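**Student:** Have a look at this one.
The values are calculated or read from the model by the stated rules, or taken from the named source; none is laboratory data. Just so you know, these numbers come straight off a predicted model, no measurement behind them. Counting neighbours? That spans all protein chains shown, and the Cβs are built from the backbone with ideal geometry, glycine included. Protein only, heavy atoms only, side chains kept; ligands, DNA and RNA dropped before computing areas. Shrake-Rupley method; radii C 1.70, N 1.55, O 1.52, S 1.80 Å.
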Amino acid sequence: MTNPVLVDVTRGDLVESRHRGMVAVVDGDGSLVFSLGDIDATVFPRSACKAMQALPLVESGAADAYGFGNAELALSAASHSGEPAHATLAAAMLARAGRDETVLECGAHWSFEQPVLIEQARSMEKPSALHNNCSGKHAGFVCAACHSGTDPKGYSSYDHPIQAEIRGIMESLTGAALGHDNCGTDGCSIPTYAVPLRGLAHGFARMVTGTGLAPQRAKASRRIIDACMAEPFYVAGTGRACTKLMQIAPGRIFAKTGAEGVFCAAVPEKGIAIALKCEDGATRAAEAMVAAVLSRFFDKDTPEQTGLTAMANRALRNWNGMHVGAVHAGALLTR
């Protein structure tokens, strides 16, 4: 099946690039609300599924035992920019469990936010694992392990109890069988599993509606989703798409990006969730796609719909500030 072109990028009056993709919008019962392209194709969710991976932190009782609030839970489901507030909070989470950054297995990189990166380069020899965009998620893994009495060493490996628990959670939510055959290694070194796009959307729809989930998991799921919506800065950071999407409709949109053009989102009040992938992995197209699809679920000409449409169709400017082209979400994505 050939996926449709969903985003055009223009330069002047001509189309310079085209991005194909697939989109699945599903409700809590698993019914398809809207779709484009091959939604039964398997994709690696990458970081888009971090809210699912954060469930052991809440379900184990670790989040309550360590006094974590919305900011900590949002960071546990984050791909943050490595800004000072992100690194400080990740360190504080570890400290609650009596650990420090040396326990993290995610590796280190500089901040995604250019002014922060420049300041880091001036003030430190090299970044630490706390600056890694996945440090909050990894801190959550460590805290869940410590609270349950499990040695956190090797927590990023396929056979560690934390990863085995996450594998079971994701199977339950998405309906996909997960194992070595559909497992890869994510950028932060944990296992990542290829699942059907439709199943990924259904998993998030179940998280926001509680449909078919045991009461404890339904409550934990909404707690994580609500924390992300309450603290969008800690999910991503300054100027980042996830943060901006959730700020457009506070408490009404959940959004989380993943590498290689994947995005998951939900509109809890509508009981629906979205999973999509830009076929060529382009972030710019995935961001336009998710904004356009979200706009379908808000009334026309409201501030929310207007803001989402603006994100889906944005100008491109060069270093002199000249308008040189645009990113356009195609008509297939909108109503």
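**Student:** Please determine, by comparing only the residues of segment 179-188 that are in contact (Cβ under 8 Å) with a residue 40 or more places away in the chain and outside any helix (DSSP H, G or I), which one is nearest to P84 (Cα to Cα).
**Tutor:** The residue in question is C188.
**Student:** Could you list, in sequence order, the residues of segment 132-178 that are over 20 Å from the mean Cα position of the chain (by Cα), assigned to a loop (DSSP other than H, G, I, E, B) and closer than 27 Å to V208 by Cβ?
**Tutor:** Across segment 132-178, the qualifying residues are S148, A177.
**Student:** Moving on to the next point. Quick check: is even one residue across segment 107-123 open to solvent by 50 Å² or more (accessible area, probe 1.4 Å), farther than 28 Å from K244 by Cβ and not in a helix (DSSP H, G or I)?
**Tutor:** No - not one qualifying residue is present in segment 107-123.
**Student:** Also, I was wondering about something else. Say we look at segment 238-254 and pick out the residues that are in a helix (DSSP H, G or I) and open to solvent by 70 Å² or more (accessible area, probe 1.4 Å); which of these is nearest to G271 (Cα to Cα)?
**Tutor:** Q247
Listed here are the residues, each with its yes/no results for (1) farther than 16 Å from Y234 by Cβ; (2) modelled with pLDDT under 95.
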| residue | (1), (2) |
| --- | --- |
| A91 | no, no |
| L94 | no, no |
| C106 | yes, no |
| Q114 | yes, yes |
| S123 | yes, yes |
| F141 | yes, no |
| A145 | yes, no |
| P152 | yes, no |
| S172 | yes, no |
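**Student:** So G321 ticks every box in (1) without any contact (Cβ under 8 Å) to a residue 24 or more places away in the chain; (2) open to solvent by less than 20 Å² (accessible area, probe 1.4 Å) but one. Which box is left unticked?
**Tutor:** In the conditions (1) without any contact (Cβ under 8 Å) to a residue 24 or more places away in the chain; (2) open to solvent by less than 20 Å² (accessible area, probe 1.4 Å), G321 misses (2) alone.
**Student:** Residue by residue through segment 134-161, note down the ones that are in contact with a His (Cβ under 7 Å, 6 or more places away or on another chain) and surrounded by fewer than 23 Cβ atoms within 10 Å (Cβ to Cβ).
**Tutor:** Of everything in segment 134-161, just one residue is in contact with a His (Cβ under 7 Å, 6 or more places away or on another chain) and surrounded by fewer than 23 Cβ atoms within 10 Å (Cβ to Cβ), namely G154.
**Student:** Given the residues D280, D301, which is the only one that is out of contact with any helix residue (DSSP H, G or I) (no Cβ under 6 Å at 6 or more places or on another chain), charged (D, E, K, R) and either part of a helix (DSSP H, G or I) or at pLDDT 95 or above (or both)?
**Tutor:** Being out of contact with any helix residue (DSSP H, G or I) (no Cβ under 6 Å at 6 or more places or on another chain), charged (D, E, K, R) and either part of a helix (DSSP H, G or I) or at pLDDT 95 or above (or both) holds for just one of D280, D301, which is D280.
**Student:** Hey, another quick one. Among the helices (runs of 4 or more DSSP H) contained in segment 1-103, which hold 3 or more residues that are open to solvent by less than 40 Å² (accessible area, probe 1.4 Å)?
**Tutor:** 50-53, 55-59, 70-76, 84-96
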